[in-house]
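For reference, the structure is listed below as C-alpha cells.
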Amino acid sequence: VKTFPTSKIRNVALVGHGGAGKTTLTEAILFTTGAIPRMGTVDAGNTVTDFDPEEHSRHYSVSLALAPVEFDGHKINLVDTPGYADFIADAVAALRIADLALFVVSAVDGVEVQTELLWRMAAAQGLPRAIVVTKMDKERASFSTVLDSLRSRFGAAIAPMEIPIGEESSFRGVVSLLDDEAYVYENGKPSATEIPAEIAEQEHTLHDALVEGIVVADEELMERYLMEDEISTAELSKTLGIGVAEGSVFPVLCCSSTHQVGIDRILRFLVDTAPAPAVAEGPAVATVYKTIVDPYVGKINLFKVIQGTVRPDHVLTNGRTLQDEKLHQLFTMRGKEQMPAAEVPSGDLGAVAKLAGTGTGDVLGERGAPVDVPPLELPQPTLPTAIRPKAKPDEDKLATALHRLLDEDPVLRREVNSETHQTVLWGMGETHLNIALEKLQRKFGVAIEQEPVRVPYRETILGNAEAEGKYKKQTGGHGQFGVAFLRVEPRGRGEGFEFVDAVVGGAIPRQFIPAVEKGVHETMERGGVHGFPVVDVRVTVYDGKYHPVDSSEMSFRTAASLGFREAMAKAQPILLEPISELVIVVPEAYQGDIMGDLNSKRGRVQGTAPVGDGEVEVAALVPTSEVLRYSIDLRSLTQGRGRFTAAHSHYDPLPAHLVDKVVADAKAAAESH
Ligand SMILES: Nc1nc2c(ncn2[C@@H]2O[C@H](COP(=O)(O)OP(=O)(O)O)[C@@H](O)[C@H]2O)c(=O)[nH]1
Ligand SMILES: [Mg+2]
C-alpha cells in the first residue's frame, strides 16, 4: 500500500445499531472505489469485513474489521464495527481511534437503542460525528421521518447535506444541498441531472438553511453571504469541516448500499469535510486498539500511530510492561487480508504480528517518547457461565486456550471459584459467551460444555452446642483411639473461624491439639450439615481422652471431625447466601419496572438518584442467586437501554423456605459430575 501524508488520511468508524447496514455500506464503498470487483452480501457471508465463521453463521458482525480504501488521492480507513450490545467493546475501541464516527441509520428503522448509546459515547469523547441514512431503497424508507427522529434525539445541529430523489423502490439519486447539484444513478454510476420539480422548493429551503448554518461560524463568510456574494462550494465545505471537527454540526447523507446510490457522495464528503487525524511530530508512539489471535499466525496487533512514523524493524517500548518490542513487518488489514506497508505515518492505522507481550489497550513508544494516552476503557462483563471441557484430558488445554482467547477478547473475564470449584467465564451476554466457546473449539480445539453457575452458599450456626467426638477402632494389633469434647459458638458475620484450646491437665496431650484443630478445619471446608463450607464459628476443645499406645494424630483428627459434625447439627445450623450490590442506570421511565423486578428478586433498594440525561441510578442489595442472569433481565426490561455493575457485598442468612431447594439443587449438581 502507498503511504499517504496525515492530511490525506481519514479514520472513520462506522457505528450504529445492529442490522442498520454498516457492513453492507462498507462493502459498497469498497466496490465503488474499485477495491473489490463485486459486492458481497452479509447474508451470503462473503463480505470483506464479516469474515469470521461466527459472523457467517449469524449474518452479522461480531468484531471490528478494517477496510482501507483510496479515493481522490486520500486514504480512508473504514472501521466496520458490530452494533449488537454484546460486542459493543469493539465499537468502543473503534471510536477511540477514529477521527469521525459515521453513524449508520436505517431509513426504515430510524434511530435505535445502540445508536443512542454509541452517540452518547462519541459525544462524551467530543468525537466529530456524521450520519448516513441507508436502505433508502427499502419499502417504508422515509428520509424525513428519520431526520425528525435524529433532530429530536440529537438536537438542532443535525444538518442534512442531501435530499433523496425518490424513496423506496423509486429511490434513484440525491440532491447535494451544498452545491444544488442533482445526481441520478444507474448501476452505481452517477450522472448529473436537473433537480426534479417536485422537490425544487424543499431543496431551496434546505439549501438556504444549510448555507446559513455554515456561514454563521465565519464572520467574513457571513458578511459576504449578506452582501449576496458568490460563496464557492469549496469554501462552504471547508467552513463546514471546521464545524464538523468541533463537533458542533452533524451532517446527514443518504444512500442505498445495495443499489450503490449516493456512495460516491459519501466518499466526497469524507474527503472534503471529514477531519484528518491530528499531526504530531516527534518520536513514534502508537496505541493498540485491537488484538486478533490466529492459531497459525499468532497474535496480530492493530494500532494507530498517534505521533511520528512507525517503520519496519522499529524497537518500541510497551508503556505497560516496559518491555521492548521489535516490530518486524508492518502491514494494513483489509478484512482478513494482510497488505504489506512500507511504513505507517502519523495518524494512520497499521498492523503488526508477533509481538511478545502486547495487546489491546497498550501503548508502544520510542524510548524517551512521552506517552500520555488516556486508557481504553472497555465495558465490564456482566453475564457468567460455568464451563468445563467435554473431555477430561482437555483440562490443561482449556487453561492455555482461555488465556489466548482472553488476549483477543479482553472483555471476557475468567474466574476460578475456590468454593464451587467451577471455572466461570464472564461475558457481555449469551451470544458473546456462545461465540467465545465456539472460538475455543474452532481456534484452539477444545470442546466445551456449559453448566449453571453455582452460588457459593455457606453454613454457620445460630446457637451454642457441645458434643463428644470419639474415635475408637480395634484392628488386629494396635488400634486407634481419641476423644475430643468440643463446644461450638456463633461468631459475627465475616469474623471467620476461631479455634480455642481449653484443655487442662493433659486430657489431650499437647502434641495432638493441632490435629484436633486440623480435623475441625478440614471438616468445615469440606462442608457442614448441608455440605457447604462452614464459616464464622468459634470451636473450643475443652476436654478429651487418650490412650498411650493407640492415640495418634489420625485418631484425634477423626475424633474432632466427628465431634464437630455432631455439635454443628445441634447448634441451629443455617445457610448463608451471598448478596450482591447492584448499581443500575436506566432512563427514568423504567425506574418503576426496575424497582418492581428487584422486589420480586428479594432485593432491597438502597437509594435512587438522578444522574443527568434523563437517567436514574438505582442501588440495591440483591441475593446473588437471583441476579446471575440480571444482564439478560435488564436488557429485556429496558429494551437494552439499561446498564449495571454488580459486586459482592456480604453474606446473609438464606430464608428457611429456600433451604430445601438449595440443598437439593447442590446434590443434583454434585451427582451430575
Ligand atoms: N435494501 C437494502 N438492504 C440493505 C442495505 N444495506 C444493508 N441492507 C441489508 O440489511 C441487513 C443488515 O445489513 P448489515 O450490513 O449486516 O448491517 P450492520 O449490522 O449494520 O453491519 C442485510 O440483510 C443487508 O443486506 C440497503 O442499502 N438496502
Ligand atoms: Mg455488520
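The values are calculated or read from the model by the stated rules, or taken from the named source; none is laboratory data. Here the structure is a predicted model, which means the values were calculated and not measured. All Cβ positions, even for glycine, are placed from backbone atoms using ideal geometry, and neighbour counts span all protein chains on display. With ligands, DNA and RNA removed, areas are computed over all heavy atoms of the protein, side chains included. Shrake-Rupley method; radii C 1.70, N 1.55, O 1.52, S 1.80 Å.
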- Item | Enumeration of residues in region 106-131 that are farther than 20 Å from THR638 by Cβ and either near ligand 1 (Cβ under 10 Å from one of its atoms) or acidic (Asp, Glu) (or both) | SER106, ALA107, VAL108
- Task: Go through region 5-36 and count every residue that is of a type outside the set (Ser, Thr, Tyr), open to solvent by 10 Å² or more (accessible area, probe 1.4 Å) and closer than 30 Å to PRO312 by Cβ.
- Result: 6
- Inspect all residues belonging to region 564-581 and state whether any of them is under 24 Å from the mean Cα position of the chain (by Cα) and open to solvent by 20 Å² or more (accessible area, probe 1.4 Å). yes
- Here is a list of conditions, (1) at pLDDT below 95; (2) among the aliphatic types (A, V, I, L, M); (3) closer than 26 Å to SER149 by Cβ, and ALA44 meets all of them except one; can you say which number that is? (3)
- Query: Can you tell me which of ILE165, ILE214, ILE231 is over 18 Å from LEU267 (Cα atoms), at pLDDT 95 or above and open to solvent by less than 40 Å² (accessible area, probe 1.4 Å)?
  - Reply: ILE165
- Message: Looking for something buried (at least 22 other Cβ atoms within 10 Å of the Cβ), part of a loop (DSSP other than H, G, I, E, B), of a type in the set (S, T, N, Q) and within 16 Å of ligand 2 (Cβ to nearest atom) - is there at least one such residue anywhere in region 245-268?
- Response: yes
- Query: For ALA65, which of the numbered conditions (1) hydrophobic (A, V, I, L, M, F, W, C); (2) within 20 Å of ARG268 (Cα to Cα); (3) within 14 Å of ligand 2 (Cβ to nearest atom) fails to hold?
  - Reply: (2)
- Query: Quick check, is GLU55 at pLDDT below 95 and either open to solvent by less than 10 Å² (accessible area, probe 1.4 Å) or more than 29 Å from THR382 (Cα to Cα) (or both)?
  - Reply: yes
- Pairs returned, first residue in region 75-96 that is polar (S, T, N, Q), second residue that is not in a strand (DSSP E or B), beta-carbon separation under 6 angstrom, 6 or more apart or interchain, are THR81/LEU64; THR81/ASP90; THR81/ALA91; THR81/ALA94
- Of the residues in region 306-338, those that are among the acidic types (Asp, Glu) and farther than 23 Å from GLY282 by Cβ number 1
- Message: Looking only at region 482-530, how many residues end up being loosely packed, with under 13 Cβ neighbours inside 10 Å and among the small types (Gly, Ala, Ser)?
- Response: 6
- Item | region 8-63: number of residues that are within 10 Å of ligand 1 (Cβ to nearest atom), under 18 Å from CYS255 (Cα atoms) and part of a helix (DSSP H, G or I) | 7
- Considering only region 210-237, state which residues are free of Cβ contacts under 8 Å to residues at least 40 places away in the same chain, within 21 Å of PRO128 (Cα to Cα) and out of contact with any Ser or Thr (no Cβ under 8 Å at 6 or more places or on another chain). VAL211, GLU212, VAL216, ALA234, GLU235
- With respect to THR3, determine if the residue is closer than 30 Å to LYS238 by Cα, touching a Leu at 6+ places or on another chain (Cβ under 8 Å) and not in a strand (DSSP E or B). no
- Note on the structure: Considering only strands (runs of 3 or more DSSP E) wholly within region 421-487, the ones with at least 3 residues that are at pLDDT 95 or above are 423-427, 458-461, 465-473
- Message: Go through region 23-54 and report how many residues are more than 13 Å from ligand 2 (Cβ to nearest atom) and not charged (D, E, K, R).
- Response: 13
- Query: Among all residue pairs at least 6 apart or on different chains, which show Cβ distances below 6 Å where the first residue, located in region 489-501, is touching a residue at least 24 places away in the same chain (Cβ under 8 Å) and closer than 12 Å to ILE461 by Cβ and the second is polar (S, T, N, Q) and open to solvent by 50 Å² or more (accessible area, probe 1.4 Å)?
  - Reply: GLU489/ASN464
- Of the numbered conditions (1) among the hydroxyl-bearing types (Ser, Thr, Tyr); (2) more than 19 Å from VAL288 (Cα to Cα); (3) buried (at least 20 other Cβ atoms within 10 Å of the Cβ), THR400 satisfies every one except a single condition; which is it? (3)
- Task: For residues that are open to solvent by 80 Å² or more (accessible area, probe 1.4 Å) and of a type in the set (Lys, Arg), tally how many sit in region 442-476.
- Result: 4
- Task: Would you check which residues across region 569-625 are polar (S, T, N, Q) and either assigned to a strand (DSSP E or B) or touching a residue at least 24 places away in the same chain (Cβ under 8 Å) (or both) and list them?
- Result: GLN572, SER580, GLN591, GLN606, THR608, THR624, SER625
- Item | Unique residue being small (Gly, Ala, Ser), at pLDDT 90 or above and not in a strand (DSSP E or B) when the list is ALA192, ALA209, ALA159 | ALA209
- Does ARG388 fit the bill of being open to solvent by 20 Å² or more (accessible area, probe 1.4 Å), farther than 30 Å from GLU626 by Cβ and among the charged types (D, E, K, R)? no
- Query: Is at least one residue of region 84-107 near ligand 2 (Cβ under 10 Å from one of its atoms), under 19 Å from SER257 (Cβ atoms) and touching a strand residue (DSSP E or B) at 6+ places or on another chain (Cβ under 7 Å)?
  - Reply: yes
- Qualifying positions in region 165-194 - hydroxyl-bearing (Ser, Thr, Tyr) and over 23 Å from LEU210 (Cα atoms): SER169, SER170, TYR185, SER191
- Item | region 162-181, residues that are small (Gly, Ala, Ser) and outside any strand (DSSP E or B) | GLY166, SER169, SER170
- Note on the structure: Checking LYS299, LYS290 in turn, the sole residue that is in contact (Cβ under 8 Å) with a residue 12 or more places away in the chain, surrounded by 21 or more Cβ atoms within 10 Å (Cβ to Cβ) and not in a loop (DSSP other than H, G, I, E, B) turns out to be LYS290
- The residue that is surrounded by the most Cβ atoms within 10 Å (Cβ to Cβ), considering only those in region 70-105 that are of a type in the set (D, E, K, R) and within 16 Å of ligand 1 (Cβ to nearest atom), is ASP80
